[in-house]
Amino acid sequence: MKKNVAIGVLGTVLDRRGKREKRWNKWRPTVALCQQENLRIDRLELLHQPQSVTMAQQVAEDIRQVSPQTEVVLHSVAQNDPWDFEEVYGSFLDFVSRYAFDTENEEYLVHITTGTHVAQICWFLLTEARYLPARILQTSPAGKSPDAPGALGHYSIIDLDLSRYATLTSRFQREQQHSTSFLKAGIETRNPTFNALIEQIERVALRSNAPILLTGPTGAGKSFLAERIYQLRHDRHRLAGKFVAVNCATLRGDNAMSTLFGHVKGAFTGAQQPRSGLLREADGGMLFLDEIAELGLDEQAMLLRAIEEKRFFPYGADKEVSSDFQLIAGTHRDMPQWVAEGRFREDLFARINMWTFQLPGLAERREDIEPNLDFELARYAREQQTQVRFDKEARSHFLRFACLTEASWRGNFRELSAAVTRMATLAEQGRISLALAEEEIARLRSTWRTTASTAALPERTGAQYDLFDECQLQTVLSVCRASDSLSEAGRRLFAVSRQSKKQPNDADRLRKYLARFGLSWEEVRG
């Protein structure tokens with residue numbers, strides 16, 4: 001059974017109510033809160049001004065007399081002006097940010113009867129924004145007046161009208177900026193499309209429990225972002241369980257069923273012990289299915305039911321089990337095309353397509369290469385306990401190359417991370433020299449030439465290509481053959497010019513370019 005924990009402010013007027021025996025003749029909200037017959041308070045977190053510590057101690061002693069089972073914890077919280085929204089909200093936010101909430105074992109109630117009207121509104125705002133995982137509680141005397149007979153009074157859940165307090169919007173905007181920065185791991189990204197995308201993801205992460213689908217090329221940061229979304233939701237008390245991740249491309253046959261849904265003993269050859277499975281492990285938390293398009297059709301059917309009904313059969317079982325998890329899925333595939341080809345269930349795609357976010361590759365965010373370079377250096381320093389820096393000339397040289405069109409960054413941020421790690425590991429005395437940067441540039445160029453090779457141009461009857469068209473078309477064909485969809489190839493080829501368009505249609509733009517040479521996407525891919 002969970003414990004009930006109340007959080008409230010000492011009422012300097014109503015909680016005082018006279019001295020000695022006289023104080024027992026009046027209704028005092030904080031004391032009465034702990035006397036309710038149908039509301040057990042196991043612990044009371046009582047906030048008070050530093051100058052009111054004596055009164056707070058007296059109230060705590062009175063509570064011990066009438067409710068010995070209630071533990072009273074006093075907190076001194078300074079507020080120079082209890083009618084100043086900014087100051088009161090800030091002091092309460094500081095308190096709840098430091099407080100160790102235990103939602104698995106405790107239920108929380110915010111007592112808003114005491115304190116100024118401003119304090120009541122601020123408690124509500126914090127609870128509404130889920131900084132405080134609690135219900136709001138108001139107590140009142142038995143009669144219309146606090147002097148009316150009846151020391152216990154009543155308690156009730158209330159709702160507040162916040163329409164008059166729109167001036168606090170700026171405070172919420174600052175908190176939203178903090179959340180979006182968290183999703184980006186503090187990286188000061190400059191790409192406007194990506195920043196707008198992260199702002200939308202932040203709103204969805206805090207307002208919706210529906211599945212989220214992250215698409216984009218391999219190495220674009222889907223796994224990293226999924227874990228940050230989980231941490232943001234967890235910090236805001238939107239879930240209490242853990243983060244469970246699996247790459248579906250590694251699951252095949254019986255192993256896929258067993259890994260995801262668990263199995264009973266003897267379900268298949270080698271199943272000597274029962275297994276709970278990842279879906280049950282994610283109960284109350286978040287399940288991240290990376291490369292979800294690689295799941296088999298049987299696993300897709302079971303997953304759809306598990307998402308919709310929160311129930312499923314472990315492999316080989318005749319009894320259902322339940323798991324209430326939140327889902328994030330990731331894939332680099334063109335999902336509509338995957339559905340059209342019958343490789344992915346249309347009903348499952350419709351279920352996970354509520355919130356779909358396309359993450360751009362590194363080549364589409366070249367202005368973000370520099371801040372990500374600094375992030376990777378800082379990460380290397382944390383992990384290896386070694387500080388490494390670029391020489392000024394080496395840094396400028398590497399960044400110039402990294403932002404060139406020839407730098408395809410097929411491995412995206414994973415490839416940039418590997419490049420930084422190599423240079424940092426080989427650096428002498430913690431300095432990445434110009435020679436070391438040039439060596440890494442040569443390594444990257446060699447890798448990209450090897451993996452791409454020169455694209456063979458299609459033959460044209462009775463005509464030849466101009467040298468300009470030949471060079472340009474070879475690059476276009478190389479990108480097309482290294483991409484999974486027409487849209488992905490278009491985004492990579494038009495990464496800069498697409499930023500100036502309100503509604504860029506990269507696929508149509510690339511299709512028209514290929515048509516100039518009598519080519520189609522299917523022909524190029526074939």
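Placing unit charges on the Cβ atoms only, positive for Lys and Arg and negative for Asp and Glu, gives the range 282-381 a dipole magnitude near 200 debye about its Cα centre. Simple rule: put +1 on each Lys or Arg Cβ and -1 on each Asp or Glu Cβ in the chain, find the dipole, and look at G219, A418, S140; the Cα lying farthest toward the positive end is S140.
Measuring between alpha carbons in the structure, the pairs from K2/K265; K184/K242; K2/K184; K2/K319; K184/K512 lying more than 25 angstrom apart are K2/K265; K2/K184; K2/K319; K184/K512. Does the range 1-123 come out rounded, prolate or oblate, given a ≥ b ≥ c as the square roots of the eigenvalues of its C-alpha gyration tensor, rounded meaning a/c under 1.5 and, failing that, prolate meaning a/b above b/c? In terms of gyration-tensor shape, oblate. The range 279-326 and the range 339-377 have Cα centres spaced 23 Å apart.
Against the 2.2 N^0.38 Å scaling, with N counting residues, where does the range 262-410 land? I'd like the Cα-based Rg ratio to two decimal places.
Values: Rg = 22.0 Å, N = 149, 2.2 N^0.38 = 14.7 Å.
Expressed relative to 2.2 N^0.38 Å, the Cα Rg reads 1.50.
Computed about the Cα centre, the dipole magnitude for the chain is approximately 660 debye when only Lys and Arg (+1) and Asp and Glu (-1) carry charge, each at its Cβ.
Under a 5 Å amide H cut-off, with hydrogens placed 1.01 Å from N, W355 pairs with L213 among residues at least 5 apart or on other chains.
Computed 3J(HN,Hα) for the range 201-208, one whole-Hz value per residue from the Karplus formula 6.51 cos²θ - 1.76 cosθ + 1.60 where θ = phi - 60°, is 4, 4, 5, 5, 4, 9, 10, 9, glycine and proline marked x.
Amide H to amide H, with H built 1.01 Å from N, A245 comes under 5 Å of F288, counting only residues 5 or more places away or on other chains. Each residue of the range 402-414 was assigned a 3J(HN,Hα) from its phi angle through the Karplus expression (A = 6.51, B = -1.76, C = 1.60, θ = phi - 60°), giving 4, 9, 6, 5, 5, 7, 7, 6, 5, x, 6, 5, 5 Hz with x at Gly and Pro.
Net charge near S483: determine it from the other residues with C-beta under 10 Å of the C-beta of S483, scoring Lys and Arg +1 and Asp and Glu -1.
Result for the local shell: +2.
The string of couplings for the range 122-135 from the Karplus curve (6.51, -1.76, 1.60, θ = phi - 60°) is 5, 4, 5, 4, 5, 6, 4, 7, 6, 5, 10, x, 9, 9 Hz, one whole number per residue in order, with x for Gly and Pro. Rounded, prolate or oblate: pick one for the chain, where a ≥ b ≥ c are the square roots of the eigenvalues of its C-alpha gyration tensor, a/c under 1.5 means rounded, and failing that, prolate if a/b is larger than b/c, else oblate. Here the chain falls in the prolate category.
Taking the DSSP bridge list for the range 1-117 and keeping only pairs wholly inside it, about 0 percent are antiparallel. Taking Cα atoms only, the orientation of helix 506-515 departs from the longest principal axis of the chain by about 10 degrees. Its Cα centre serving as origin, the range 320-432 has a Cβ charge dipole (Lys and Arg +1, Asp and Glu -1) of approximately 360 debye. For the chain, the mean residue ellipticity at 222 nm estimated from helices alone is -13500 deg cm²/dmol, where every DSSP H run of n ≥ 4 contributes -39500 (n - 2.57) and the total is divided by all residues, rounded to the nearest 500.
Between E188 and L404, the modelled labels are 2.8 nm apart [label points 7 Å from Cα along Cα→Cβ]. Multiplying the residue separation of Q35 and K319 by 0.36 nm and subtracting their alpha-carbon distance yields 97.7 nm. Per-residue surface analysis assigns K242 an accessible area of about 100 Å², computed on protein heavy atoms at 1.4 Å probe radius. Relative to the current alpha-carbon distance between K2 and N353, full extension at 0.36 nm per residue lengthens the span by 122.7 nm. Remark: the range 1-144 carries 48 Å² of accessible area per residue (probe radius 1.4 Å; ligands, DNA and RNA excluded). Near the amide H of Y108, within less than 5 Å, lie the amide hydrogens of V5, R135, all on another chain or at least 5 residues away, with H placed in the peptide plane. The order of H154, H111 by accessible area, most exposed first and with a 1.4 Å probe, is H154, H111. Within the chain, antiparallel bridges make up roughly 15 percent of the DSSP beta bridges whose residues both belong there.
The values are calculated or read from the model by the stated rules, or taken from the named source; none is laboratory data. Everything numeric here is computed off the predicted structure, so don't read it as measured data. Methodologically, a virtual Cβ is constructed for each residue, glycine included, from the backbone with ideal geometry; neighbour enumeration extends over all protein chains shown. Surface accessibility is based on the protein's heavy atoms, side chains included, excluding ligands, DNA and RNA. Shrake-Rupley method; radii C 1.70, N 1.55, O 1.52, S 1.80 Å.
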